[in-house]
1. Restricting to segment 153-167, name every residue that is modelled with pLDDT under 90 and either surrounded by fewer than 20 Cβ atoms within 10 Å (Cβ to Cβ) or more than 16 Å from GLY219 (Cα to Cα) (or both).
2. Within segment 243-264, count every residue that is out of contact with any helix residue (DSSP H, G or I) (no Cβ under 7 Å at 6 or more places or on another chain) and not in a strand (DSSP E or B).
3. Could you identify the single residue in GLY271, GLY245 that is of a type in the set (Gly, Ala, Ser), touching a strand residue (DSSP E or B) at 6+ places or on another chain (Cβ under 7 Å), in contact (Cβ under 8 Å) with a residue 40 or more places away in the chain and more than 30 Å from SER88 (Cα to Cα)?
4. Looking at segment 274-283, is at least one residue in contact (Cβ under 8 Å) with a residue 40 or more places away in the chain, touching a helix residue (DSSP H, G or I) at 6+ places or on another chain (Cβ under 8 Å) and surrounded by 16 or more Cβ atoms within 10 Å (Cβ to Cβ)?
5. Can you tell me which condition GLY291 does not meet? The list is (1) small (Gly, Ala, Ser); (2) farther than 30 Å from ASP187 by Cα; (3) out of contact with any Lys or Arg (no Cβ under 8 Å at 6 or more places or on another chain), and all the others hold.
6. Quick test for you: out of ALA223, ALA189, pick the one residue that is in a loop (DSSP other than H, G, I, E, B), within 30 Å of ASN87 (Cβ to Cβ), within 19 Å of the chain's Cα centre (by Cα) and hydrophobic (A, V, I, L, M, F, W, C).
7. Quick test for you: out of GLU239, GLU330, pick the one residue that is surrounded by fewer than 13 Cβ atoms within 10 Å (Cβ to Cβ), within 21 Å of the chain's Cα centre (by Cα) and over 22 Å from ARG173 (Cα atoms).
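The values are calculated or read from the model by the stated rules, or taken from the named source; none is laboratory data. The shown structure was predicted, so the numbers you read here are calculated from the model rather than taken from an experiment. Neighbour counts run over all protein chains shown; Cβ positions are idealised from the backbone, glycine included.
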Amino acid sequence: MVKFIENNNLDTSNGSNKGFEKPLSDAELLDAYSRTVVNVAKEVSDAVVQIKVKKKSSGRFVRGRRRQPFGGGSGFIISSDGYIVTNSHVVTNTDRIEVVLQDGRQFRASLIGDDPATDIAVVQINADSLNAVSFSNSDELQVGQLAIAIGNPYGFQYSVTAGVVSALGRTLRSENGRLIDNVIQTDAALNPGNSGGPLINSAGKVIGVNTAVILPAQGICFAVASNLAEYVVSKLIMEGKVRRGFIGIAGQTLRFNKRLISRFQLDVNSGILVQSIEADGPSYNSELRKGDVIIGFEENQISSIDDLHRLLDERSIGKKVSLTILRTGEQKTVNVIPVELK
């Protein structure tokens, strides 16, 4: 690999070409890569924390003693007043949360809020002299750019791994069944204990929150994109939760045959078959019937339960929403009013 750096101030008075610097060798280029990783690690490591939790007792006994499961993960400080971002699955259903800083200080943490639908949570500690990191704009990410992960895999504190952004726009199913959109795929090595730690770009900004690995695979790891994480974090700090809509139905994805698609000139090849309706529930859904197939939500096409989940956000709560459905061979429009999901 050879790189030339152009200099517009050419001096040819002595007959030699001084307009180009000496080409960089592979060793020099590798050292530049190393310097970037080293500098980012130095800049960010102080803001990365180890999280230790004591899970609530399951009531099970092991060898005559009640089992007290312990766990942990990683997190990162986002403000001088002690707000820390981590994964929901790290801190949910816990009796005690402790945070260990890189300088060895240890603090009891309080849970500010968690959102299982995106696997994001916020905890807070009462401490001073805290270093914080900030979020980057994940919409500007490009496949192939440097990605650096810092965390505590298997309890090995402040481990640094580096790779690239392998893919963008992935979807990942959270523990509560909803899909997390715009997930970053990276080959920066992650292991159990990295959960909740930051994925960092070469400028030392957070581009994602590390959340999952595919254990049998090599180099396939995922992080919740920073723009989504920042939105969820702000909601958790301000309101303690992220509000979502609910219309009181149970359904499943139904594939359409070519004749049905042609008959109704559909742009989707599947919809949601309504299997049951919570008729006495808080949602207004009396215009729906069992057996209806939902194919539209306002101006948006619906082809799966996941599409519906994405659209049932806080903006839909208490608002009359039109659904496009197929019923007894006809295309119709009905109205629902979502309520807040508890």
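1. TYR154, GLY155, PHE156, GLN157, TYR158
2. 11
3. It is GLY271.
4. Within segment 274-283 (the criterion being in contact (Cβ under 8 Å) with a residue 40 or more places away in the chain, touching a helix residue (DSSP H, G or I) at 6+ places or on another chain (Cβ under 8 Å) and surrounded by 16 or more Cβ atoms within 10 Å (Cβ to Cβ)), the answer is no, since none of the residues qualifies.
5. Here GLY291 meets the rest and fails (3).
6. None of the others qualify; the one that does is ALA189.
7. None of the other options fit; the residue is GLU239.
Condition check ((1) more than 14 Å from VAL53 (Cβ to Cβ); (2) at pLDDT below 90) across all residues:
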| position | (1), (2) |
| --- | --- |
| VAL90 | no, no |
| ASN93 | no, yes |
| LEU111 | no, no |
| ASP115 | yes, no |
| ASN126 | yes, no |
| VAL133 | yes, no |
| LEU146 | yes, no |
| GLY151 | yes, no |
